[in-house]
Every structure is written in C-alpha cells, then in structure tokens.
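The values are calculated or read from the model by the stated rules, or taken from the named source; none is laboratory data. Because the structure is a prediction, the values reported are computed rather than measured. Don't worry about glycine lacking a Cβ; one is built from the backbone with ideal geometry, like all the others, and counts go over all protein chains shown. These area figures cover heavy atoms from the full protein model, side chains too; ligands, DNA and RNA do not enter into them. Shrake-Rupley method; radii C 1.70, N 1.55, O 1.52, S 1.80 Å.
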Amino acid sequence: MNQILAYIGYLILLLNLLLFFIRFSDQGKAYKIFTLYLGLVFVVQILAEILIQQKRNNLFLSHFYFIGQFVALSIFYLTILKKVDLQKKIVKGGLISGLLFLGIQFVNDNTLFFKFNLFEIVITSFLLIVFASFHFYNLLNEKKEFYYINMGILIYLFGSTILFLVGNLMTSLSPKINKIPWILNSFLYIIYQLFILIEWKKNFSKKSIDTAL
C-alpha cells in the first residue's frame, strides 16, 4: 500500500516539475526557485528508489532531501516576503541558525550521515512552518500569490512532522503498526503535490494559454 502511494506521489511530482519547467523562463525569481526545489526533490526521490531496488542503504539521501528542502524553501520565502523586513530577518536568521545547529550536530557525530535524523526533520520543518505562517498572514491583506503552494507546505510539513515523531515512538510495536505513519505520510505527500498542481492550473496555466494566443 505504502509503495503504491509513494509511486503516485512520484508521478504527480514529475508532472508538477514538467509543468513548472514549461513556464520557467517567463516567470519571476520565486517561481524559478520553487521549480528548482521540485527538481531537487525529484532527483533525490529517484536516487532513493534506485538504491531501494538495489537493496542498498539510502538513509544518507534523507539529509539531502530535508536540508535541501529547508534551504530552497527558505530562499523561496525570502523572495516572496517582500514587504515585511522583520519577517525577512527572521527567515534569514532561521536559515543560518538551522544550518549552524545541524552542522554542529554532524561535526559532533559524523555517523548521523548514515542515519535517520529526527532532530533534522523537526528543526527544518518547524522553521519552514513558521515561514509559511508569515506568508499566510500576509495573504490576508495581499494578492493570493502562491496561496495553494503555501497551504500545501503548511499541511504537509505540520502533518508529516507529527507522523515522524509518532513513528519514532512506535518503533517497538509490530511491523504492521509501524507502517501506519509512513502510509499516512505518503498520503499527505500526495495532497501536497496536488496543491502544487492546483497552484499551477489556477495561476500559471492560463498565463501560458494567453501567451500562446
């Protein structure tokens, strides 16, 4: 079940990447950063799947996924939080602090590179949730720019962080029960990718058609 959901998520991710890439040269900085983020996530997911098929350890790729996501989306929010200097300072401070804490952690224990790092997931996800909340607040009085993407990020990161924490507490239980958080996380990821697809359809596909006409 989890594998099927994962493949569905990969397919929607690939579709989103292709659709966003179509308009890459015509859009602004935030759009381009988000497109590169989709490309990064897709490459990491494919490499992880290849290693799974080869029955090799792929946990080290999780660091590229979570830290890469953290850096890319932090820069994305720095770009779209245009009018509030305090928010931009918090994002910059959060990005630098988060990377610094993770760097210190890896220096103190370099074996973490080959392990699943729960602290890494929590700190990067928490900071991105804060940044997304800033943008959501700003949207109350501004044009709904990247509204669906922002909603998807909030829902996915909040839900997946809770699931990872719960999953870590459930490691001593039966394998069937242990799979539940991962299945729910795959389902949340599909919802996230669907929000991204809705964003493209509502705010970028029409522009593509208008340009073609």
Report task. Against the globular-protein guess of 2.2 N^0.38 Å, express the Cα radius of gyration of the range 45-125 as a ratio, rounded to two decimals. Result -> 1.29
Query - Cα-based shape type of the range 21-86, given that a ≥ b ≥ c are square roots of the gyration tensor eigenvalues and the cut on a/c is 1.5 - result: oblate
**Report entry** C-alpha long axis of helix 147-169 to longest principal axis of the chain, angle in °
**Finding:** 10
**Report entry** Å² of accessible area per residue within the range 31-107, as computed with a 1.4 Å probe and no ligands counted
**Finding:** 51
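Any idea what the dipole of the range 39-134 comes to, in debye rounded to 20, about its Cα centre with Lys/Arg Cβ at +1 and Asp/Glu Cβ at -1?
Details: 8 positive and 4 negative charges, 48 e Å.
Roughly 220 debye, rounded to the nearest 20.
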**Report entry** Gaussian network model of the chain, springs between alpha carbon atoms under 10 Å - residue of Gly94, Gly152, Gly28 with greatest fluctuation
**Finding:** Gly28
Query raised in the report: So what's the angle, to the nearest 10 degrees on a 0 to 90 scale, between helix 29-53 and the longest Cα principal axis of the chain?
Result: 30
Report summary line: Dividing the mean separation of Cα pairs under 8 Å (6+ apart) by the residue count of the chain yields a relative contact order in percent of 26
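If a/c stays under 1.5 just call it rounded; otherwise compare a/b with b/c (prolate if a/b is bigger, oblate if not). Do that for the range 1-156, with a ≥ b ≥ c from the square roots of the Cα gyration tensor eigenvalues.
Details: a/c = 2.13, a/b = 1.24, b/c = 1.72.
Verdict is oblate for the range 1-156.
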Query - Accessible surface of His63 - all protein chains present, 1.4 Å probe, nearest 10 Å² - result: 10
Query raised in the report: From the residues Val122, Tyr37, Asn16, which one has its Cα farthest along the dipole of the chain in the positive direction, the dipole being from +1 and -1 charges on Cβ of Lys/Arg and Asp/Glu about the Cα centre?
Result: Asn16
Report summary line: Ignoring ligands and nucleic acids, Thr111 exposes an accessible area, probe 1.4 Å, in Å² to the nearest 10, of 60
Requested in this report: Just flag the trypsin sites (Lys or Arg not before Pro) in the range 75-124 sitting in loop per DSSP whose Cβ has no more than 14 other Cβ atoms within 10 Å.
Outcome: Lys82, Lys83, Lys115
Requested in this report: Considering the options Ile104, Leu194, Phe131, tell which one lies farthest towards the positive end of the dipole of the chain, charges being +1 on Lys and Arg and -1 on Asp and Glu at the Cβ, about the Cα centre.
Outcome: Leu194
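How do Arg23, Arg56 rank by accessible surface area computed with a 1.4 Å probe, from largest to smallest? Display every interim value, and only then the final one.
On the way: Arg23 20, Arg56 145 Å².
My answer, sorted largest first, is Arg56, Arg23.
So, with a 1.4 angstrom probe, what is the percent of accessible area on the chain that is carbon and sulfur?
Working: 8420 of 11820 Å².
C and S fraction of accessible area: 71 percent.
With n ≥ 4 as the cut-off for DSSP H runs, can you work out [θ] at 222 nm for the chain, using -39500 (n - 2.57) per run divided by the number of residues, rounded to the nearest 500? Mind showing how you got there, number by number?
Details: 8 runs with 171 residues, N = 213.
That comes out to -28000 deg cm²/dmol.
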